[in-house]
Each structure stands twice: as C-alpha cells, then as structure tokens.
Amino acid sequence: MKQLTLKALFISAVAALSLNVQASVSVYDQCIADGDLVLKTGKEKGSTAAQAIDQKVSVRQCYAELTKIEAKYGDKIKGRNPSYFMTPKDRVTWSKLFSAIDYKQYRGTRYLMGVYYR
C-alpha cells in the first residue's frame, strides 16, 4: 500500500510539473509560433486562410518583446540599427521576432513569396 501511495504522489507531481511547463510559454515563443503558423498556412492554403487564423498574441505584445530585447543596449542604438550592437544570440532572437511580426501582419518577403508562388 505504501508503494502505491508513493507512485500516486510521483505521478501527480509529474502531472503538476507538466502543467506548469505548458502554462509558462513565453510571449516570445507564442509570437514565433503564430508567425510560423501564418506563414505555413499562407503557403499551403493561401492568404485568405492565413488571415482567418486566430492568433494567440497581438502584434503590440510582440513589439513589446522586441523593445525588451532592444532595451538591453540603451542609448547606443539611438539612430542606428540595433543589430549592430547586439550579441549574436540576441541578434538571432531579435531577427526571428521581427520576421514573426511581419508574418503576423501578412507581409514580409517569405510570406508574400510563399502566398504568391504556392
């Protein structure tokens, strides 16, 4: 009986942990997922189907995430391209987020070419 109780306790702990992991998906990850979904749907089914997708986060929230990345560099980026000052890791996250924002707004080279040449 004792082993059964320990097993049940372990299983419930794993279930609670997995629920916490699913709930902790960041806004950045949701922006990237929305952008990829819009791009994929646009390539496969066209722009009308891509525009009918219900997106999880707004473009304003994605821009707020972009601002958080840029805020690390302060006044250095005034009047200049922020990617010039960024570390390689920040540059990659910044550019992915920028592309995802374009896809969420149904623009950007990859989206427009994918929809046109599908």
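Within region 92-109, track down each residue that is touching a helix residue (DSSP H, G or I) at 6+ places or on another chain (Cβ under 9 Å) and more than 13 Å from L37 (Cα to Cα). Correct list: T93, W94, S95, K96, L97, F98, G108, T109. With respect to the stated conditions, Y106 fails to be touching a Gly at 6+ places or on another chain (Cβ under 6 Å) and surrounded by 15 or more Cβ atoms within 10 Å (Cβ to Cβ).
Screening R80 against (1) in a loop (DSSP other than H, G, I, E, B); (2) at pLDDT 90 or above leaves a single unmet condition, (2).
Listed by first and then second residue, the pairs with beta-carbon distance under 6 Å, at least 6 apart or on different chains, first residue in region 69-92 and without any contact (Cβ under 8 Å) to a residue 12 or more places away in the chain, second part of a loop (DSSP other than H, G, I, E, B) and among the aromatic types (F, W, Y), are K76/F85; I77/F85. Only one of the listed residues (Y84, Y111) is surrounded by 10 or more Cβ atoms within 10 Å (Cβ to Cβ) and more than 30 Å from E44 (Cβ to Cβ). That residue is Y84. Taking the residues in region 64-78 that are closer than 20 Å to A100 by Cβ and of a type in the set (D, E) as candidates, determine which candidate is surrounded by the most Cβ atoms within 10 Å (Cβ to Cβ). Out of the qualifying residues, it is E65.
Scanning region 40-53 for residues that are surrounded by 15 or more Cβ atoms within 10 Å (Cβ to Cβ), of a type outside the set (D, E, K, R) and more than 22 Å from G114 (Cα to Cα) turns up nothing.
The values are calculated or read from the model by the stated rules, or taken from the named source; none is laboratory data. A quick note: this is a predicted structure, and the numbers were derived from the prediction, not measured. Virtual Cβ from ideal backbone geometry, glycine too; neighbours counted across all protein chains shown.
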